[in-house]
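Here's the structure we're looking at; comments come further down.
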Amino acid sequence: MKKSLVAIVFAASVAGCATNPGNVTAQYVSPLQYQSYSCQQLAAESQRIGTRVSEVTGQQQQKATNDAVATGVGVVLFWPALFFLGGGGDKSGELSRLKGESDAIQQAAIQKNCMAQSASAPAAS
């Protein structure tokens with residue numbers, strides 16, 4: 001009976017926890033969708049995606065922290081509460097896609113040699 005209880009508590013605690021944003025890997029996104037973009041458009045899109053990555057990373061970190069605290073409290077104080085850990089609010093799928101888009105934009109910029117163009121551009125005074 002005790003082993004069953006431990007297994008149930010462990011399964012409930014693992015199932016309800018949001019992934020730490022540092023452990024979310026990039027989903028593959030083809031750089032071909034950015035082939036028609038100019039270097040300036042790629043830079044703007046990269047900035048937009050970077051801003052969204054920061055927002056979603058913060059939201060995912062908060063969800064992971066909340067789940068970890070709730071799990072700790074549930075295990076110590078009242079283990080049946082672990083079954084009610086909400087799975088909502090997990091942004092790992094969106095974060096994975098955004099990381100993939102960021103990688104694709106970077107690959108497209110490299111293929112277009114945008115890095116060399118921005119490095120050779122005169123500095124604004």
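Here, each number is a calculation from the coordinates, and none is a lab measurement. Remember, it's a predicted structure, so these values are computed and weren't measured experimentally. Here the Cβ is made from the backbone with ideal geometry for all residues, glycine too, and neighbour counts use every protein chain on show.
Compute the signed sum of charges (Lys and Arg +1, Asp and Glu -1) over the other residues within less than 13 Å, Cβ to Cβ, of Gln41.
Residues close to Gln41 contribute a combined charge of +1.
If you stretched the chain out fully between Gln111 and Ala44, how much longer would it get, using 0.36 nm times the residue separation minus the C-alpha to C-alpha distance?
Length gained between Gln111 and Ala44: 22.4 nm.
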